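Have a look at the structure below, then the notes.
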Amino acid sequence: MDHQIKYTVVRSGRRTLGLQVKKDGEIIVRAPYKISQVQIDRFVKEHEEWLLKHLEKAEKQSAALENVEKLTAEEIKKLADQAGKIIPGRAAYYAPKIGVTYGRITIRNQKTRWGSCSSKGNLNFNCLLMLAPPEVIDSVVVHELCHRKEMNHSKRFYDEVLKVFPEYHQWNGWLKEHGNELLARLP
């Protein structure tokens with residue numbers, strides 16, 4: 001196998017090399033500042049089989065998503081209204097269990113995120129969550145509320161999540177597997 005693999009290098013203060021194949025087939029190599037281009041090229045070559053497998057998977061997913069039925073503006077508004085009724089109640093239910101408070105809750109129709117938590121404690125959620133099972137909604141709500149304790153994705157953060165929502169990995173897995181289909185429904 002001798003393919004010419006194109007990739008983008010993103011350097012940071014990290015200690016190890018990492019690979020990411022994005023949904024659109026773009027390959028990102030995450031690298032420490034001190035690693036040479038020769039070392040990066042060797043790393044990509046060593047992982048060529050893995051990369052090609054994931055590129056093929058990304059292509060298949062992309063082709064499958066082309067036929068997904070798009071939501072109308074009216075359907076998106078209904079989902080946002082529904083989310084505006086359901087999600088604040090789920091946040092109010094879980095916040096005391098986690099031991100946190102939060103600010104404003106905003107419902108959006110985003111193409112890449114399911115939720116976010118600002119440093120001020122304001123929470124944003126994607127209206128497309130209404131197309132997912134209720135446990136997925138809860139997993140995203142708990143995830144964002146736990147950012148009120150840990151503004152990162154460390155082991156401590158996930159320990160907080162799992163204390164309150166032990167099935168988190170199962171439902172987060174559902175979202176990883178089916179989330180692209182839901183996001184593809186946005187016009």
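One table, with the values for the structure above:
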read-out: Pick from the range 34-47, criterion in a helix (DSSP H, G or I) and either in the same structural domain as residue 177 (by TED's automatic domain parsing) or among the polar types (S, T, N, Q) (or both), ranking: surrounded by the most Cβ atoms within 10 Å (Cβ to Cβ); value: 39
read-out: In the range 92-117, residue surrounded by the most Cβ atoms within 10 Å (Cβ to Cβ) [restricted to those that are modelled with pLDDT under 95 and not charged (D, E, K, R)]; value: 109
read-out: Residue in the range 7-25 that is surrounded by the fewest Cβ atoms within 10 Å (Cβ to Cβ), counting only those that are under 16 Å from residue 52 (Cβ atoms), touching a strand residue (DSSP E or B) at 6+ places or on another chain (Cβ under 7 Å) and not aliphatic (A, V, I, L, M); value: 22
read-out: Single unsatisfied condition, residue 68 versus (1) free of Cβ contacts under 8 Å to residues at least 60 places away in the same chain; (2) within 23 Å of the chain's Cα centre (by Cα); (3) more than 21 Å from residue 139 (Cβ to Cβ); value: (1)
read-out: Filter result for residue 31 (out of contact with any His (no Cβ under 7 Å at 6 or more places or on another chain), assigned to a helix (DSSP H, G or I) and either closer than 26 Å to residue 137 by Cα or among the aliphatic types (A, V, I, L, M) (or both)); value: no
read-out: Residue in the range 54-65 that is in a loop (DSSP other than H, G, I, E, B), at pLDDT below 95 and out of contact with any Cys (no Cβ under 7 Å at 6 or more places or on another chain) present; value: no
read-out: Among (1) surrounded by 15 or more Cβ atoms within 10 Å (Cβ to Cβ); (2) in contact with a His (Cβ under 9 Å, 6 or more places away or on another chain) - the single one residue 138 does not satisfy; value: (2)
read-out: So residue 77, is it charged (D, E, K, R) and either closer than 29 Å to residue 150 by Cβ or modelled with pLDDT of 90 or more (or both); value: yes
read-out: Where a residue in the range 101-125 is closer than 20 Å to residue 23 by Cα and its partner, wherever it lies, is crowded, with 19+ Cβ neighbours inside 10 Å and among the β-branched types (Val, Ile, Thr), with Cβ under 6 Å and at least six apart; value: 114/140; 115/140
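The values are calculated or read from the model by the stated rules, or taken from the named source; none is laboratory data. Computed from a predicted structure; not experimentally measured. Positions of Cβ are generated from backbone atoms using ideal geometry, with glycine treated the same way; all protein chains shown enter the neighbour counts.
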